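The values are calculated or read from the model by the stated rules, or taken from the named source; none is laboratory data. Just so it is clear, the structure is predicted and the values come from calculations on it, not from any experiment. Backbone-built Cβ (ideal geometry, glycine too); neighbour counts: all protein chains shown. Surface accessibility is based on the protein's heavy atoms, side chains included, excluding ligands, DNA and RNA. Shrake-Rupley method; radii C 1.70, N 1.55, O 1.52, S 1.80 Å.
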2 protein chains.
Amino acid sequence: MSEKTTGLEGIIAGKTAICAVTTTHELRYRGYAIDDLIAHCSFEAVAFLLIHGELPTQAELAAFYDRIKSYQTLPEPLRLVLEQIPASTHPMEVLRTGCSMLGTIEPESSAHNAKMIAERLLVALPSLLLYWYHYSRNAVRINTQTGQQHIAVHFLQLLHGKVSPFAQHALNTSLILYAEHEFNVSTFTARVVASTLSDFYSAITAAIGALRGPLHGGANEAAMALIHSFSTPEEAIIGVKKMLAQKQLIMGFGHRVYTESDPRSAIMKAQVLQLLPHQNDKDKQLFASAEAIETLMWQEKRLFPNVDFYSALAYHYCDIPTSLFTPLFVMARITGWSAHVIEQRANNRIMRPAAEYIGPAARKVNVKYN
Amino acid sequence: MSEKTTGLEGIIAGKTAICAVTTTHELRYRGYAIDDLIAHCSFEAVAFLLIHGELPTQAELAAFYDRIKSYQTLPEPLRLVLEQIPASTHPMEVLRTGCSMLGTIEPESSAHNAKMIAERLLVALPSLLLYWYHYSRNAVRINTQTGQQHIAVHFLQLLHGKVSPFAQHALNTSLILYAEHEFNVSTFTARVVASTLSDFYSAITAAIGALRGPLHGGANEAAMALIHSFSTPEEAIIGVKKMLAQKQLIMGFGHRVYTESDPRSAIMKAQVLQLLPHQNDKDKQLFASAEAIETLMWQEKRLFPNVDFYSALAYHYCDIPTSLFTPLFVMARITGWSAHVIEQRANNRIMRPAAEYIGPAARKVNVKYN
């Protein structure tokens, strides 16, 4: 095996009609460019496109909004489970456990099929996360029925009890950008699990676990920690130079698919600029530090910020705690994962690669182990 | 992409020192042939080999047995969670949810590292499964502390309250055979999740979800259902011929890696023959049906039974309910999964393949979706 095949780089693992990155680094969902979708669509319309295959009619979208409102309440056994999860737990583990538990209460069946579960999870994941968030911190059992039709508003209202229009817009944009990205690791994980013909929740629970890692979705939390660790752009330049000299990974930069820029990064940076005037002086400094890091990383390493870098700052400017950044990625990517599980099932072959053996030669057991 | 690459067949996804299938279809764990391991080792000695890299000294094995006894009790929040899972839930979903939940209570850290979690799960998974099993059926809160050092005995005692030596021997053999098999789908899933540097529980929870599928671990339950559906060998021949004519998949036959026989199958068939004299007449007929299916599948399709086919019958002869067959696979494979997660981390590169786009060409959004 050449080194190049490690990490499956460049290996075509399957076909997809859901998403493509063009040779000019344009990102499209089912043929629609992301900037076009952001200009015209709510996140929910994009979710519908991904899960159902086409953009909705206005009547279909209205019906979808009604379903979103009807999916916000959590069953009692799930709430009792969430109440057992410690406050110190990483929120990604709460989503992983909550998703798995919901599967035991509302299992997949012909009467409760993949598309219905995809829509249910789209709404239930923010509900269950924030139910746990408030209960574990303040022993308050919140009512998760907001009656809101937009996931961004549902989330912000459950978190803060109120919603700023700037935050709503930034979050809606970020959810669209995070919704789908072909065979990224968590989506690939979901497809591999689905290829055994396992149930829908098993595939999604697995994907949540994959997204948690700092080399994948966890990067937005790591990027925020990096930006936060410097008080001024000058400090940031000195600090990142030192990290580079020590060959440390700088999270939020570079991408397996993109080689020159991530088209989502500029869009999130524009959102950050919209939010910037509303921030205090200390938080305004964070943007100066972030830009200094961006410039330095290009000068030193020819690396560009990926979607995670300015998403992190945008979320911070929306007063979202850093530990909820990767969960927001889940709330978006649940749409792409769902589309891929459905697609994998439609033309399935079990995903079973081979391995190169580099272990001990044949040997004998010489003693008895009772 | 040629059709051949679908399902990653023949694609080398990585290197491993844990397990190899030789060109003569011999299966070895870290260089030791499975029949040698079965002749000399308890399952726990094999678990130690897989998790720690070498067979234990007698002192190390004794210490490991002590740890096994100390890992049998479940924390109260986990028991409360298990009490919320309906009796109708598939036991694989109980393991998936229980594993994820345990991760929130005993998270991975430098003080509670991968090898410790691997050993803990080896013991806690049977405990939590059978705690739920008895509670959901009979509202009985069993004491999971059996004080037994062998996983097979721990499991059988929690299930039946007593242990037959024949069942113990068959189960010990089956656990060794199911412990590891290089890049099978669930192990591959665990490695893909681990490649994002996510936590240990995320990788194992994902693997449980993958093993659940009927094209993977779920095959032993499907094989039992098949054998059970016929009262006589004559009925079995007619029935399977009809299924083949309808191009239905016959579970428990064939294998991605083996082309002529699965070395584990003859070993499990020998276990079935040991158990056979102790069965009633109706159950004895099941073996006759199984052999008739085996002969027919070879004559008609040149397909051989894999490990799942006679494992299923052996488990049935041990009075184990069919819904617990795939969970037994988990209790064995947790050792292989753990070894692979540890190996993946030791020389990691994120597992991110590419995809071939076959979807719509570029198109524009023509309306506004608010």
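Within region A:149-158, the set of residues being farther than 16 Å from residue A:74 by Cα and in contact with a helix residue (DSSP H, G or I) (Cβ under 8 Å, 6 or more places away or on another chain) comprises A:149, A:150, A:152, A:153, A:156. Of everything listed in (1) assigned to a helix (DSSP H, G or I); (2) open to solvent by 10 Å² or more (accessible area, probe 1.4 Å); (3) away from chain A (no Cβ under 14 Å); (4) in contact with a helix residue (DSSP H, G or I) (Cβ under 8 Å, 6 or more places away or on another chain), the single unmet condition for residue B:137 is (4).
Out of all the residues in region B:270-284, is one or more among the charged types (D, E, K, R) and under 23 Å from residue B:133 (Cβ atoms)? Explain how you work it out, then say what you get.
As a first pass, look at region B:270-284 and keep what is among the charged types (D, E, K, R): B:281-284.
If we keep only those that are under 23 Å from residue B:133 (Cβ atoms) too, we end up with B:283.
Within region B:270-284, one or more residues are among the charged types (D, E, K, R) and under 23 Å from residue B:133 (Cβ atoms).
Could you grab me the full set of residues in region A:343-359 that are in a loop (DSSP other than H, G, I, E, B) and either more than 7 Å from chain B (Cβ to nearest Cβ) or over 40 Å from the mean Cα position of the chain (by Cα) (or both)? Correct list: A:347, A:348. Only residues that are open to solvent by 40 Å² or more (accessible area, probe 1.4 Å) and more than 18 Å from the chain's Cα centre (by Cα) were counted in region A:26-49, giving 4. Based on what the data block shows, is residue B:296 on the phi < 0 side of the Ramachandran plot, touching a residue at least 40 places away in the same chain (Cβ under 8 Å) and not in a helix (DSSP H, G or I)? Against the criterion (on the phi < 0 side of the Ramachandran plot, touching a residue at least 40 places away in the same chain (Cβ under 8 Å) and not in a helix (DSSP H, G or I)), residue B:296 does not qualify.
Yes or no, residue by residue, for (1) under 16 Å from residue B:311 (Cα atoms); (2) among the hydrophobic types (A, V, I, L, M, F, W, C); (3) facing another protein chain (nearest Cβ under 10 Å):
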{"residue": "B:141", "(1), (2), (3)": "no, no, no"}
{"residue": "B:166", "(1), (2), (3)": "yes, yes, no"}
{"residue": "B:184", "(1), (2), (3)": "no, no, yes"}
{"residue": "B:213", "(1), (2), (3)": "no, no, yes"}
{"residue": "B:227", "(1), (2), (3)": "yes, yes, no"}
{"residue": "B:233", "(1), (2), (3)": "no, no, no"}
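Can we say residue A:52 is under 21 Å from the mean Cα position of the chain (by Cα), modelled with pLDDT of 95 or more, open to solvent by 30 Å² or more (accessible area, probe 1.4 Å) and closer than 25 Å to residue A:349 by Cβ? Against the criterion (under 21 Å from the mean Cα position of the chain (by Cα), modelled with pLDDT of 95 or more, open to solvent by 30 Å² or more (accessible area, probe 1.4 Å) and closer than 25 Å to residue A:349 by Cβ), residue A:52 qualifies. It is to be established whether one or more residues within region B:55-75 are surrounded by fewer than 20 Cβ atoms within 10 Å (Cβ to Cβ) and basic (Lys, Arg). Yes, the conditions are met somewhere in region B:55-75.
Search region A:253-294 for residues being among the β-branched types (Val, Ile, Thr) and farther than 17 Å from residue A:177 by Cα, and hand back the single one that is farthest from the other protein chains (Cβ to nearest Cβ). If you could, list the steps in order and put the result at the bottom.
Keep residues of region A:253-294 that are among the β-branched types (Val, Ile, Thr), which gives A:257, A:259, A:267, A:272, A:293.
Narrowing further to those that are farther than 17 Å from residue A:177 by Cα: A:259, A:293.
Numbers: A:259: 13, A:293: 21 Å.
My answer is A:293.
For residue B:303, the criteria (1) open to solvent by 10 Å² or more (accessible area, probe 1.4 Å); (2) within 11 Å of another protein chain (Cβ to nearest Cβ); (3) part of a loop (DSSP other than H, G, I, E, B) hold in every case but one, which is (2). Counting only helices (runs of 4 or more DSSP H) wholly contained in region A:1-120, the ones carrying 1 or more residues that are farther than 30 Å from residue B:82 by Cα, within 7 Å of chain B (Cβ to nearest Cβ) and not charged (D, E, K, R) occupy A:34-40, A:43-52, A:58-70. From the list B:308, B:283, B:262, the lone residue that is free of Cβ contacts under 8 Å to residues at least 40 places away in the same chain, among the charged types (D, E, K, R), open to solvent by less than 40 Å² (accessible area, probe 1.4 Å) and touching a Phe, Trp or Tyr at 6+ places or on another chain (Cβ under 9 Å) is B:283. The single condition among (1) in a helix (DSSP H, G or I); (2) within 11 Å of chain A (Cβ to nearest Cβ) that residue B:329 does not satisfy is (2). Could you tell me whether any residue of region B:173-181 is open to solvent by 10 Å² or more (accessible area, probe 1.4 Å), in contact (Cβ under 8 Å) with a residue 60 or more places away in the chain and under 15 Å from the mean Cα position of the chain (by Cα)? So far as region B:173-181 goes, no, none of its residues is open to solvent by 10 Å² or more (accessible area, probe 1.4 Å), in contact (Cβ under 8 Å) with a residue 60 or more places away in the chain and under 15 Å from the mean Cα position of the chain (by Cα). On inspection, residue A:309 passes the criterion of being over 24 Å from residue A:198 (Cα atoms), touching a strand residue (DSSP E or B) at 6+ places or on another chain (Cβ under 9 Å) and away from chain B (no Cβ under 14 Å). Against the numbered list (1) buried (at least 20 other Cβ atoms within 10 Å of the Cβ); (2) within 19 Å of the chain's Cα centre (by Cα); (3) more than 14 Å from chain B (Cβ to nearest Cβ), residue A:339 comes up short only at (3). Which residues, taken from region A:8-25, are aliphatic (A, V, I, L, M) and in contact with a Lys or Arg (Cβ under 9 Å, 6 or more places away or on another chain)? Listed by number, the residues that qualify are A:8, A:13, A:17, A:18, A:20, A:21.
Return the only residue of A:238, A:204, A:208 being β-branched (Val, Ile, Thr) and open to solvent by 10 Å² or more (accessible area, probe 1.4 Å).
Numbers: A:204 fails: open to solvent by 10 Å² or more (accessible area, probe 1.4 Å); A:208 fails: open to solvent by 10 Å² or more (accessible area, probe 1.4 Å).
Exactly one of A:238, A:204, A:208 is β-branched (Val, Ile, Thr) and open to solvent by 10 Å² or more (accessible area, probe 1.4 Å), namely A:238.
Do we have residue A:288 as part of a strand (DSSP E or B) and either without any contact (Cβ under 8 Å) to a residue 60 or more places away in the chain or within 20 Å of residue A:208 (Cα to Cα) (or both) here? Taking the combined requirement at face value, the residue does not satisfy it. Here is the figure for region A:217-229: residues that are open to solvent by 20 Å² or more (accessible area, probe 1.4 Å) and part of a loop (DSSP other than H, G, I, E, B) total 1.
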